[in-house]
1. Would you mind giving the mean number of other chain beta-carbons within 10 Å of the Cβ of each residue in B:27-39, as a whole number?
2. Let me know the whole percent of all Cα-Cα pairs from segment B:94-171 that are separated by more than 15 Å.
3. Using only atoms on other chains, find how many Cβ atoms lie within 10 Å of each Cβ of peptide B:128-141 and report the average.
4. Taking 7 Å along the Cα-to-C-beta vector as the label spot, tell me the residue B:29-residue A:53 distance in nanometres, rounded to one decimal.
5. Please compute, for peptide A:160-169, the average count of beta-carbon atoms on other protein chains lying within 10 Å of each residue's beta-carbon.
6. Using a 10 Å cut-off on Cβ atoms, rank the peptides A:231-237, B:141-147 from the highest mean neighbour count down.
7. Arranged by the count of other C-beta atoms within 10 angstrom, fewest first, what order do A:6, B:162 take?
8. Between residue B:52 and residue A:43, what is the label-point separation in nm under the 7 Å Cα-to-beta-carbon projection?
């Protein structure tokens, strides 16, 4: 029995073959297969020589230059100043809103500075956001994001991005994540958390399912979901049963 | 923040893989500056990731191809990483004589035409194979069965030859 084409190619490319001992033994004794292997090598060398005609000189760059591009850029002082002004403006607006909890908080802080009482703990809605954890994966042509458990109060906030990866983020400890080329699984059992999902606009087809039931589909430019698109271009999908 | 060991792994991977990835994208697109930008952006994203994926070569190819599609569809190349000096490096081959340029241009055009006539999958297979990517990486990047990559590579080479030798005969 002669070597098949897959075996010839694998031998030529130094890739593993099944039963390498008998393959080598056959090759040593079979002139026809040796000639096929030689011919395949010559053919490949000729094709590769043709392809080299397309080449341009590679760019003169190195790992250090690329790594430095990857580091976050520190904003210029003007941007810092603009950010501070923006925050101050936002705080002013928040203070001016009738019934704003910020007024009470400012008053209590002022009183504490005056020595009369300790500052109150921020209300639950004012606590800093919890630390996030998540996963990112390059989606295949048909990619499925699965939440394993329907959870009352849980949500997925979905937005389309210009990036290349599907990413899912949730509060630290709210879920565990696994992924491969075709799917990303979120084990969210017992968590009523909100998960932030980003899907590349260029992804061909991405589905989001809860316990097997589809709640969102992006099929090229088309989005199918019962949730309405919200301000900011995202969709808030309930993960409830 | 990336750890020192990740940085070292990144540098080693960059040195092994950058030119391969660049050359693959350059041959695929015929646009050396675009290929350089996309290859660099793929490595930037890898560095920002902070750890190496299980199959870094296949990951880089997949990310680069997504970026490449993105750029090709929108043509909005939001980041031009190459400085003018580097840009000369990409396109700065020594100028040939007009006669040499004409001959080389004709030969290159024939190869490009043959490549462009291949179906997308065969073209990518052929070019990844030409860069010496492992069957495992090719299978992962193109979502093919690793057990048949050798046969598919041979078919892609044959189809390319047919297009090259007889431009009127489509694969």
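1. Working: counts 6, 1, 0, 2, 1, 6, 2, 0, 3, 5, 1, 0, 4.
Partner-chain Cβ atoms within 10 Å, mean over residues of B:27-39: 2.
2. On the way: 1762 of 3003 pairs.
Here the long-distance tail beyond 15 Å is 59 percent of all Cα pairs in segment B:94-171.
3. 2
4. Label at residue B:29, label at residue A:53, 2.3 nm between them.
5. Mean shielding by partner chains, rounded to a whole number: 3.
6. Top of the packing list down: B:141-147, A:231-237.
7. Values: A:6 20, B:162 16.
Ascending Cβ contact count within 10 Å gives the list B:162, A:6.
8. 3.5 nm
Since every read-out is calculated from the coordinates, none of them should be taken as a lab result. Keep in mind the model is a prediction, meaning the values are calculated, not measured. Virtual Cβ from ideal backbone geometry, glycine too; neighbours counted across all protein chains shown.
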